[in-house]
1. In segment 28-118, which trypsin sites (Lys or Arg not before Pro) are in a loop and have at most 13 other Cβ atoms within 10 Å, using DSSP for the loop call?
2. Could you work out how far apart the two model spin labels at E12 and D127 are, taking each label as a point 7 Å from the Cα in the direction of the beta carbon, and quote it in nm?
3. Under a plain spin-label model, where a point goes 7 Å from the Cα along Cα-to-Cβ, how far apart in nm are K104 and A36?
4. Residues in segment 93-126 near a label at R57, defined as backbone nitrogen under 16 Å from the 7 Å Cα→Cβ point?
5. Fully extended, how many nm does the chain gain between D154 and F175 (0.36 nm per residue separation, minus their Cα-Cα distance)?
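Taken together, the values in this text are just the output of simple stated rules run on the coordinates, not laboratory data. Predicted model, so just to flag it, every value in this text is computed and none were measured. No Cβ is skipped: glycine too gets one built from the backbone with ideal geometry, and neighbour counts run over all protein chains shown.
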Amino acid sequence: RDILVQSDRAREVVHHLLEFSRTRKSNLMEPVDLVALMESSITLVKNQFRLGGIVYRYDHPDQPVLVNGNPNHLQQVLVNLMLNAVQAMQADGRLDLAVSGQGKEARIVVSDTGAGIAPEALTHIFDPFFTTKNEGTGLGLSLSYAIVKDHSGDIAVNSEPGRGTTFTITFPRLFRDA
């Protein structure tokens with residue numbers, strides 16, 4: 001049984017490593033509406049919200065917020081952050097999601113009311129193979145970080161143990177010629 005469990009874990013690590021290496025190679029960029037992308041990402045994980053007893057709120061403008069990017073990679077980041085948030089919260093937790101565009105900047109905020117991240121762990125959360133979970137490879141946030149950076153973006157985290165965590169992602173905003 002232990003061998004099977006560990007071989008499954010090894011398979012998952014290899015799978016994530018392959019995803020990590022592929023991210024750098026696929027640079028197909030196109031206009032991506034972050035408002036619509038967040039909506040479709042929520043649809044993918046809505047069942048996890050329900051199963052975890054998590055309530056969510058999504059705040060966004062009525063008009064598109066465009067960035068130049070790979071929609072599959074950007075969705076991978078959003079789904080990863082939402083699933084991490086669900087895993088960090090107890091039932092009746094709250095997940096606040098927001099997309100906004102101000103000036104030349106597009107912004108995504110994912111904020112949970114979970115356990116928070118210890119200060120000593122905060123400096124390592126984007127390191128490959130770093131994890132505080134019993135299950136997991138420690139590649140989700142490092143892969144998300146790499147994707148955000150490949151899109152000329154930035155990702156910041158603010159966390160308080162016992163009160164929750166907020167990830168803020170910013171990208172250069174894309175404006176369509178009218």
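1. Hits after loop and neighbour filter: K104.
2. 2.1
3. Label-label distance for K104 and A36, simple model: 2.6 nm.
4. 93-100, 109-114
5. The span from D154 to F175 would gain 5.7 nm if fully extended.
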